[in-house]
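> The structure is given below, and queries will be raised subsequently.
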Amino acid sequence: MLQKICLIIAKKKNMDSEQDLSDAKVLRIKAENKLKQMQNINPVSGLEGDVKRLIHELQVHQIELEMQNEELVNSNERAEMALKKYTMLYDFAPMGYFSLNQEGVILELNFTAAELLGDRRFSLINSNFRIYVSEDTLHVFNNFLNMIYLSKSKVSCELSLIADINQKRDVYIEALVTGEDGQCLMSVVDLSAIRKQYNV
């Protein structure tokens with residue numbers, strides 16, 4: 001009988017302890033104990049090491065970005081210098097430079113070219129070069145332009161330009177067609193000015 005009573009008491013204690021496991025306070029205590037065990041396995045010093053590694057990586061990355069930024073600034077300065085040099089060589093060259101399409105429309109020109117045609121530069125863009133060629137040499141220019149696009153090599157000719165009613169200029173032209181965009185790059189020298197200067 002005593003043995004039976006001991007068994008009943010033991011079962012009762014086991015049931016009480018199982019019920020205690022479902023209690024919120026017990027669960028919290030167990031969770032805190034588990035967290036302590038996890039912190040013992042992964043101590044804080046390891047976490048500090050991870051933080052130090054992360055800070056190191058961020059600092060290295062920051063230095064890399066600063067170096068890239070410095071290189072971009074240097075590249076930008078070199079590009080600006082190249083643009084200034086190009087502007088001096090192209091815009092202020094002593095001979096006229098034109099870019100034409102296959103129909104003879106002016107796409108780009110420098111200041112000397114605008115002076116040869118007797119108008120302002122921006123006014124001449126998208127106008128046809130043929131308008132400024134004298135009537136007696138227009139056939140020369142037409143053949144010249146066709147030859148450039150047929151031969152795909154440098155072609156030259158002499159013709160007369162009319163800047164205004166009172167002024168006719170004899171010019172020497174060399175041109176060639178560029179690669180993919182198919183533009184005609186044309187240089188124009190004022191022969192009238194040279195002949196006048198040297199009394200030829």
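The values are calculated or read from the model by the stated rules, or taken from the named source; none is laboratory data. Fair warning: this is a prediction, and the values are worked out from it, not measured in the lab. Cβ atoms come from the backbone with ideal geometry, glycine included; neighbour counts cover every protein chain shown.
> Quick one: how many residues across segment 170-200 are over 25 Å from Arg120 (Cβ atoms), of a type in the set (A, V, I, L, M) and not in a strand (DSSP E or B)?
So the answer is 1.
> Out of Val155, Val133, Val140, Val188, report the one residue that is closer than 18 Å to Ala93 by Cβ and surrounded by 14 or more Cβ atoms within 10 Å (Cβ to Cβ).
The unique qualifying residue is Val188.
> Which residue is farthest from Gln102 (Cα to Cα), if the candidates are limited to segment 141-169 and must be outside any strand (DSSP E or B) and β-branched (Val, Ile, Thr)?
Ranking the candidates gives Ile165 first.
> Report, by residue number, each residue of segment 170-200 that is under 17 Å from Phe144 (Cβ atoms) and of a type in the set (A, V, I, L, M, F, W, C).
Passing the criteria: Val171, Ile173, Ala175, Leu176, Val177, Cys184, Leu185, Met186, Val188, Val189, Leu191.
> Looking at Glu108 and the list (1) in a loop (DSSP other than H, G, I, E, B); (2) acidic (Asp, Glu); (3) closer than 18 Å to Gly182 by Cβ, which single condition is not satisfied?
(1)
> So, one more: Which one is farthest from the chain's Cα centre (by Cα), of the residues in segment 173-200 that are in contact (Cβ under 8 Å) with a residue 60 or more places away in the chain and closer than 15 Å to Thr112 by Cβ?
Step by step, filter segment 173-200, then rank; the result is Asp190.
> Another question, if that's okay. Condition first: among the hydroxyl-bearing types (Ser, Thr, Tyr) and closer than 17 Å to Ser99 by Cβ. Now tell me which residues in segment 170-182 satisfy that.
Thr178
> Name, by its number, the condition in (1) touching a strand residue (DSSP E or B) at 6+ places or on another chain (Cβ under 9 Å); (2) surrounded by fewer than 20 Cβ atoms within 10 Å (Cβ to Cβ); (3) modelled with pLDDT of 95 or more that does not hold for Met95.
Unmet condition: (3).
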